[in-house]
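*Asks:* Here it is, the structure in full.
No lab work stands behind these numbers, since they all come straight from the coordinates. If you're wondering where the values come from, they're calculated on a predicted model, not measured in any experiment. All Cβ positions, glycine included, derive from the backbone under ideal geometry; neighbour counts span all protein chains shown.
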Amino acid sequence: MDLRSLEYFVAVADELSFTRAAQRCHVTQPTISGQINALERELGEALFDRDARTVALTDGGEILLPYARQCLAAAENAKAEFSARAGLLRGEFRIGTGGGVENTSIPMLLGALRKAHPGIDIHLTEATSTPLLDMVVQGRLHVAVIARPHGTLPATIASAPMFSGHLVAVFDPVVFAFAEPVTLAALSGHPVITYPASSALRSRLDTAIAESGADIAVNYVANDVRLQIAFARQGVGVAISADSDPALQDCPDLAIRTLTPSVGFDKILVWRNDIEPAAATQAFFGVWKEFSTAARESA
């Protein structure tokens, strides 16, 4: 069992496609298939159920996956440590975030990391909070910026605050007439545009709606606030969006109103606390600590 075979196995497991895995690894599909077949022969059982249309992990594949990730991470960490000893830090740093962080510290953090350590290969994944948290738990991401979930975080996950905000109502004032602030009850019977179910912001909103007793139907879902605003601009409904999203700064034709009861949220940084961070991840934490210290001193 070699690292190349494990790399191809993880790629197929992530992509659930031999074709996409081959593209990701910059090899041909027969190369991927041949390595997976050899790995299955070595282990004595199939790792994937595959037919003409679908690919899925078998029970054996599910057992192997976390070990394969650990092996690849250990090899990457070892290379990064020896690069650091030679005076140039190398390695991968994989970070995930949702949309609407253009005006936060995230772009500056990654820019500072790149300038301080040009040898680090930074990969950014954009998704909603639930899948991002899952990817950190699975080891597919080193860190992620997510909205704090309503429930408790997994025991293997550490967190730290990034920034806070509130949900607001965004609508065409010609089509809808709401007082300031907009009550959740007032939205009953009106189409609502907001985040998908996999978003922690949606969970916050759903909880507030349930507690208020309002009868609100979500008719349109989009994680991109720009798309939410585009729907609102057409008068098809009322968008419920994060006030921190920079897209709200460029819609003078729309009304932006606070909600009551207020629906707040916290954006947090999450990472695994049960494993030693790789050198590249430690470098990110160092840059982040410098930013946090500077922010406290200027406050």
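*Asks:* Report the extension gain between ASP274 and LEU3 in nm, rounded to one decimal, defined as 0.36 nm multiplied by the number of residues separating them, less their alpha carbon distance. Kindly include the intermediate steps, with their values, before the conclusion.
*Replies:* Values: separation 271, 0.36 × 271 = 97.56 nm, distance 2.30 nm.
Here the answer is 95.3 nm.
*Asks:* A further question follows. Which of the listed residues, SER33, ALA75, GLY99, is farthest toward the dipole's positive end in the chain, when Lys, Arg count +1 and Asp, Glu count -1 at the beta-carbon?
*Replies:* Of the candidates, ALA75 comes out farthest on the positive side.
*Asks:* Distances longer than 17 Å among the Cα atoms of the range 107-178: what percent of all pairs is that?
*Replies:* Result: 61 percent of Cα pairs exceed 17 Å.
*Asks:* Looking at the range 168-299 only, what percent of DSSP beta bridges run antiparallel? Nearest 5 please.
*Replies:* Details: 7 of 14 bridges.
Of all bridge pairs located within the range 168-299, approximately 50 percent are antiparallel.
*Asks:* What does the net charge come to around GLY61 if you take all other residues with beta carbon closer than 11 Å to its beta carbon, with K and R at +1 and D and E at -1?
*Replies:* Values: positive: ARG50; negative: GLU40, GLU45, ASP49, ASP59, GLU62.
Local charge sum for GLY61: -4.
*Asks:* Cα gyration tensor of the range 1-87, axes a ≥ b ≥ c as square roots of the eigenvalues: rounded (a/c below 1.5), prolate (a/b > b/c) or oblate?
*Replies:* Here the range 1-87 falls in the prolate category.
*Asks:* Separate question: Show log10 I(q)/I(0) for the chain at q = 0.15 Å⁻¹, two decimals, from a solvent-free Debye sum over equal Cα scatterers.
*Replies:* Treating every Cα as an identical point scatterer, log10 I(q)/I(0) equals -1.16.
*Asks:* Toward the positive end of the charge dipole of the chain, about the Cα centre and with charges on Cβ (Lys, Arg +1; Asp, Glu -1), which of GLN228, VAL10, ALA179 goes farthest?
*Replies:* Farthest along the dipole direction, towards plus: VAL10.
*Asks:* Under the rule of at least 5 residues apart or a separate chain, name every residue whose amide H is placed under 5 Å from the amide H of VAL263.
*Replies:* Here LEU167 satisfy the definition.
*Asks:* In the range 79-234, if the dipole is taken from +1 on Lys/Arg beta carbons and -1 on Asp/Glu beta carbons about the Cα centre, which of PRO131, VAL143, THR194 is farthest to the positive end?
*Replies:* The Cα lying farthest towards the positive end belongs to VAL143.
*Asks:* With only Lys, Arg, Asp and Glu charged, each at its Cβ (+1 for the first two, -1 for the last two), find how big the charge dipole of the range 143-246 is about the Cα centre; round to the nearest 20 debye.
*Replies:* Details: 5 positive and 8 negative charges, 47 e Å.
That gives a dipole near 220 debye.
*Asks:* Name the residues whose placed amide hydrogens come within less than 5 Å of the amide hydrogen of THR183, ignoring near sequence neighbours (fewer than 5 apart) on the same chain.
*Replies:* Here THR260 satisfy the definition.
*Asks:* Follow-up. Assigning unit charges at the beta carbon (Lys, Arg +1; Asp, Glu -1) and nothing else, what dipole magnitude in debye, to the nearest 20, does the chain show about its Cα centre?
*Replies:* Dipole magnitude for the chain comes out near 580 debye.
*Asks:* Note down the nm distance, to one decimal, between modelled labels 7 Å out along Cα→Cβ at VAL175 and at TYR220.
*Replies:* About 0.6 nm, to one decimal.
*Asks:* Once label points are set 7 Å from the Cα along Cα→Cβ at both ASP121 and ALA158, what is their separation, rounded to one decimal in nm?
*Replies:* Spacing of the two 7 Å Cα→Cβ label points: 2.6 nm.
*Asks:* Further question: Hey, with R₀ at 30 Å, roughly what FRET efficiency would THR183 and ASP134 work out to, going by the Cβ-Cβ distance, to 0.05? Spell out each step's value before the answer.
*Replies:* Working: r = 35 Å, r/R0 = 1.15.
Given R0 = 30 Å and the Cβ-Cβ separation, E is 0.30.
*Asks:* First check a/c for the range 165-264, with a ≥ b ≥ c the square roots of the eigenvalues of its C-alpha gyration tensor; if it is under 1.5, answer rounded, and if not, answer prolate when a/b is larger than b/c or oblate otherwise.
*Replies:* Taking the square roots of the gyration eigenvalues as a ≥ b ≥ c, the range 165-264 is rounded.
*Asks:* Neighbouring Cβ atoms within 10 Å as the yardstick, rank HIS142, HIS117 fewest first. Don't skip to the end; give the middle numbers.
*Replies:* Working: HIS142 25, HIS117 22.
In order of increasing Cβ crowding within 10 Å: HIS117, HIS142.
*Asks:* Here is a follow-up. How much mean residue ellipticity at 222 nm does the chain get from its helices, if each DSSP H run of length 4 or more adds -39500 (n - 2.57) and you divide by all residues, to the nearest 500 deg cm²/dmol?
*Replies:* Working: 9 runs with 126 residues, N = 299.
Calculated at 222 nm, the ellipticity per residue is -13500 deg cm²/dmol.
*Asks:* Mind checking the dipole of the range 179-299: about its Cα centre, +1 per Lys or Arg Cβ, -1 per Asp or Glu Cβ, Debye to the nearest 20?
*Replies:* Taking the Cα centre of the range 179-299 as origin, the dipole is about 80 debye.
*Asks:* In addition: Pull out the extension gain between THR31 and TYR67, defined as 0.36 nm times the separation in residues minus the alpha carbon to alpha carbon distance; nm, one decimal.
*Replies:* Working it through step by step, the gained length comes to 10.8 nm.
*Asks:* Mind checking the full-extension length gain between THR258 and HIS150? Use 0.36 nm per residue of separation minus the Cα-Cα distance, one decimal, nm.
*Replies:* My answer for the length gained is 36.8 nm.
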